[in-house]
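The values are calculated or read from the model by the stated rules, or taken from the named source; none is laboratory data. Fair warning: this is a prediction, and the values are worked out from it, not measured in the lab. So basically every Cβ, Gly included, is an ideal-geometry build from the backbone, and we count neighbours across all protein chains shown.
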Amino acid sequence: MAAIGNRGTVVEAAAFNVEEDVNRLRGAMKGAGTDEAVVIEVLARRTIAQRQRIKEAYKLTVGKDLAGDLQGELTGNTEKVVLGLLMIAPKYDAYELRTAIKGSGTEEAALIDILASRTNAEIRAITEVYMKGTSHLEDDIEADTSGMFKRVLVSLLTAGRDESNTVNETQAVQDAKDIYEAGEACWGTDEVKFLTVLCVRNRNHLLRVFEEYQKISGRDIEDSIKREMSGSLEDVFLAIGLVSETSQHSLQSGYTNP
């Protein structure tokens, strides 16, 4: 399956030095005005886990909260971006989801990017953090999306995907047949069959389903999704397939209990 768009991820900085980063941030905030370029360069190139270490080291050596200091120095979009970078993973994801839903028009791409790629535990953590606001994530998604796309997101929000590494060969063959018969082999598309397989089965099992699907249909699953779906529904199914292809979600995601 070909890559879908630019879904790059910040990786561990090879020469990460927390003391040096703290000193650079302190230097950027000294004097009249703040060197925003330095602040962004330091924080945007670090992983979530590394940024949390920077926050801890800053508080230890300066005796102040880094986010609080930066909030007093920055304004506008730069302030929002930088403060977002300093959040722990579930809090940041919840913030991104709320922004995507509550902004001018729902940003479906942000919903897809987060919900299609997070583990069950991560989705539960996001939901818990989101609830500390004024509403429930599922309620907001149901109010701001529609049709089968909404049903896929609600399914992902249940955090019920099988996360074992087990591949059931018989089931994989049947799953491949089911989605073939629900799409390429018939007039119209039974989207529920795609949802049942793509939102419930574990990642390794899905890879086996995709292999079997290509044998049966003569097409890559990505090609079939593009032929049978459109819009946000196409995007979310493609994203689920891509996450499966790029293996299990990294355990070094920076997630902690909210």
Handout entry: Which listed residue is of a type in the set (A, V, I, L, M, F, W, C) and either buried (at least 16 other Cβ atoms within 10 Å of the Cβ) or under 19 Å from E96 (Cα atoms) (or both), from V38, V82
Key = V82
Problem - Residues of the stretch 231-258 satisfying the condition of being more than 15 Å from the chain's Cα centre (by Cα), polar (S, T, N, Q) and either modelled with pLDDT of 95 or more or part of a helix (DSSP H, G or I) (or both) - result: S232
Exercise for the section: Pairs only if they're at least six apart or on different chains, beta carbon under 6 angstrom, first in the stretch 137-159 and in the same structural domain as R118 (by TED's automatic domain parsing), second at pLDDT below 95 and assigned to a helix (DSSP H, G or I); list them, first residue then second. Expected result: D140/I101; D144/I101; M148/E191
Practice task
Looking at (1) under 30 Å from S104 (Cβ atoms); (2) surrounded by fewer than 14 Cβ atoms within 10 Å (Cβ to Cβ); (3) under 19 Å from the mean Cα position of the chain (by Cα), find the lone condition where G147 falls short.
Solution key: (3)
Completion exercise
Note on the stretch 154-183: residues over 21 Å from the mean Cα position of the chain (by Cα) and among the hydroxyl-bearing types (S, T, Y) are T166, T170, Y180
Practice task
Those residues that are more than 28 Å from E41 (Cβ to Cβ) and assigned to a helix (DSSP H, G or I), I need them from the stretch 73-125; list them, please.
Solution key: I101, K102, E108, L111, I112, L115, N120, A121, I123, R124, A125
Practice task
Could you please let me know if D65 is under 27 Å from L207 (Cα atoms), among the charged types (D, E, K, R), surrounded by fewer than 17 Cβ atoms within 10 Å (Cβ to Cβ) and out of contact with any Pro (no Cβ under 7 Å at 6 or more places or on another chain)?
Solution key: no
